[in-house]
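Have a look at the structure below, then the notes.
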Amino acid sequence: MSDEATKARPPVPEREALPARPDLSLRLLRALVRFPVLFFAGVGDLALMTVRTLGWMLRPPYRLRLLLQAMAFIGVGSLFIISLTALTAGMVLALQAVYSMRIFQAEGAVGGAVAMSLTREISPVFTGLMLTAQASSAIATEIGTMRVTDQIDALTTMGVNPIQYLVVPRVVAAALMTPILCLLFTFVGMIGAYLVGVVWMNVDPGQFMDKIANWVKPSDFRQSVIKALVFGTLTILIACHQGYSAKGGAAGVGQATTRAVVIGSVMIMVCDYLLTAAMM
Amino acid sequence: MNDPIHIKVEGLHKSYGDNHVLRGVDLDLYRGRINVVIGGSGAGKTVLLRQLIALEKPDRGRILLDGEDIVPLDEVLLNRIRRRFGMVFQMSALFDSMTVFENVAFPLIEHTRLGAKEIRKRVMAKLEVLGLEEAERRMPGEISGGMRKRVAVARALVMEPEILIYDEPTAGLDPVASRTVDDLIRSTAEHFGGTSIVISHDMCTTFGVGQHVAMLHEGRIRAAGAPADLLGSADPVVQRFIASSGVTPALRRD
Ligand SMILES: Nc1ncnc2c1ncn2[C@@H]1O[C@H](COP(=O)(O)OP(=O)(O)OP(=O)(O)O)[C@@H](O)[C@H]1O
Ligand SMILES: [Mg+2]
């Protein structure tokens, strides 16, 4: 901060009343140090959880019933919200594409343009975000409640590993379901684009379809599926981790849920950039 | 095995950061008896119990179960050891996504290869003993705290463990319900014949059901012995703790 900026600030009267508060620069420094420390501690903790999850995933018993339950919860539970956002996303993308391409009389390419942005970016990111909103929050709340009411310790004392019982089925279900949900997102999104482009804005249907095949390569689908897999697994893992480390009663569970959603969403955006850069 | 000492704790230490909670606990828990551990709030009773059932690893010390130290064991071996314990949590810790029946059947489904019929028979037997046949299909959220505690006891008992542990079984219950729980602890011990460990700061429970009492104070066992020994203790700390609860020697055993 520059000298002028500090001087220009009006004096805060309460500051004097407080006894021996460390001055601003020291507090700023402390806050600056604290964030990375907390951040890396959190990342380390999550990494540990990931390793334990992988370890318990391979060990019997394999609880198929719990896996199917988690798949139904994640898949069926997110079906409606994913279809809805996909439809509107496809429609709005088509609208934008038609308007901007009309300038060059190239609106026939709208199908291709929408299909490309859907497969490469919009579908995996939105699927991940919707999963975070729908499934992650519910999972963090459920596992967090189990933590603060000792149900997780009860599992352990009954000789059932809670990571294996609670985390593994949910993470595996996320890894299996998100790619499917992502493909569904793309499909429904294209229906939306067709409605706006062909039905409403009179783009030639033959051209619409042709351009899809021209513009979208199989590698785009591979990228789409890989991204969705990473985002879905990551956000559910974060949700499990937050719930698992919740403490302090109902308020603690609320915090865990908020953190699961915030961290999950941010991590999806960060990973999206990294994965895009890596797969270009 | 005829050693009267079922679990022997030696020099147990546990800290959380700067908070040195257990500072060298030495404790004997007797086979086939009701052992009570008392101590003030925050004395570390729950922490001690969490080490006993290996929910956490102590920093130092040994926990000998039938002479075998369980502290160095890994998670897979511990899962086997833990089945020898039944644990009744303070807030019951029933799985709230399962019915009463499913809660009690849970350990059987997880650890045995019994058929559905046999599981049903064993679960219903336990529920009947505890007067819960009617509640079989109810969810934990739909029954009273006292009933939840009984379901928790049924769940802890269904695997017929050697050792049954209760954490503050009467905390948060009214006096009448508390005495019912005391009766439950006593009759359960008579019925199943195993070792019971009760963590409590309820003096009625302590001297009503306890056959061996130990007091935890400032991270160590301050006094241990028969209930009468503690009541007659000359130690001012023990005296003050018992006196402040308002229990007089007249209240001792009925
Ligand atoms: N997981 C933990 N992390 C940090 N500190 C802990 C943890 N568990 C317990 N403590 C601390 O250990 C001390 C003893 O706690 P404990 O729960 O064993 O007390 P207690 O004897 O069971 O008391 P109460 O009768 O109130 O249940 C407390 O100061 C508590 O803050
Ligand atoms: Mg306690």
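If you check B:Val213, B:Val181, which single one turns out to be β-branched (Val, Ile, Thr), buried (at least 20 other Cβ atoms within 10 Å of the Cβ), more than 23 Å from B:Glu10 (Cβ to Cβ) and touching a Leu at 6+ places or on another chain (Cβ under 8 Å)?
B:Val181
Taking helices (runs of 4 or more DSSP H) that fall entirely within the range A:112-187, which contain at least 1 residues that are within 14 Å of chain B (Cβ to nearest Cβ)?
On the way: elements: A:123-131, A:137-148, A:151-157.
Result: A:137-148, A:151-157.
Of the residues in the range A:52-75, how many are under 16 Å from A:Ser136 (Cβ atoms) and either free of Cβ contacts under 8 Å to residues at least 40 places away in the same chain or not in a helix (DSSP H, G or I) (or both)? Don't jump to the end; show me each part of the working.
Taking the range A:52-75 and keeping what is under 16 Å from A:Ser136 (Cβ atoms), we get A:53, A:70-71, A:73-75.
Then keep just the ones that are either free of Cβ contacts under 8 Å to residues at least 40 places away in the same chain or not in a helix (DSSP H, G or I) (or both); that gives none.
Qualifying residue count for the region: 0.
Based on what the data block shows, is A:Thr257 in a helix (DSSP H, G or I), among the polar types (S, T, N, Q) and open to solvent by less than 10 Å² (accessible area, probe 1.4 Å)? Even if it seems obvious, please write down each step before you answer.
Numbers: in a helix (DSSP H, G or I): yes; among the polar types (S, T, N, Q): yes; open to solvent by less than 10 Å² (accessible area, probe 1.4 Å): no.
No: the conditions fail for A:Thr257.
Here are B:Val129, B:Val123: which of them is touching a helix residue (DSSP H, G or I) at 6+ places or on another chain (Cβ under 9 Å), β-branched (Val, Ile, Thr) and without any contact (Cβ under 8 Å) to a residue 40 or more places away in the chain?
B:Val123
Conditions: (1) open to solvent by 40 Å² or more (accessible area, probe 1.4 Å); (2) within 16 Å of ligand 1 (Cβ to nearest atom). B:Arg150 meets all but one. Number of the miss?
(2)
Please enumerate the residues belonging to the range B:76-89 that are surrounded by 14 or more Cβ atoms within 10 Å (Cβ to Cβ) and out of contact with any Pro (no Cβ under 8 Å at 6 or more places or on another chain). Steps first, answer last, please.
The initial filter retains those residues of the range B:76-89 that are surrounded by 14 or more Cβ atoms within 10 Å (Cβ to Cβ), namely B:78-79, B:81-89.
The answer is B:Leu78, B:Asn79, B:Ile81, B:Arg82, B:Met87, B:Phe89.
Does B:Ala171 qualify as being surrounded by fewer than 17 Cβ atoms within 10 Å (Cβ to Cβ) and within 16 Å of ligand 2 (Cβ to nearest atom)? Let's see the steps before the verdict.
Numbers: surrounded by fewer than 17 Cβ atoms within 10 Å (Cβ to Cβ): yes; within 16 Å of ligand 2 (Cβ to nearest atom): yes.
Criteria met by B:Ala171.
Inside the range B:59-111, can you point out the residues that are in contact with a helix residue (DSSP H, G or I) (Cβ under 7 Å, 6 or more places away or on another chain), outside any helix (DSSP H, G or I) and within 7 Å of chain A (Cβ to nearest Cβ)?
Correct list: B:Arg83, B:Phe85, B:Met87, B:Phe89, B:Ala93, B:Phe95.
From the list B:Asp202, B:Asp167, B:Asp183, which residue is away from ligand 1 (no atom under 16 Å from the Cβ) and of a type in the set (Asp, Glu)?
Result: B:Asp183 is the single residue among B:Asp202, B:Asp167, B:Asp183 that is away from ligand 1 (no atom under 16 Å from the Cβ) and of a type in the set (Asp, Glu).
Quickly run through the range B:28-71 and pick out the residues that are of a type in the set (A, V, I, L, M), within 16 Å of ligand 2 (Cβ to nearest atom) and touching a residue at least 12 places away in the same chain (Cβ under 8 Å).
Matches in the range B:28-71: B:Val36, B:Val37, B:Ile38, B:Ala43, B:Val47, B:Leu48, B:Leu49, B:Leu52, B:Ile53.
The values are calculated or read from the model by the stated rules, or taken from the named source; none is laboratory data. This structure is a prediction, so every number in the text was calculated from the model and none was measured. Positions of Cβ are generated from backbone atoms using ideal geometry, with glycine treated the same way; all protein chains shown enter the neighbour counts. SASA here: full protein model, heavy atoms, side chains in, ligands and nucleic acids out. Shrake-Rupley method; radii C 1.70, N 1.55, O 1.52, S 1.80 Å.
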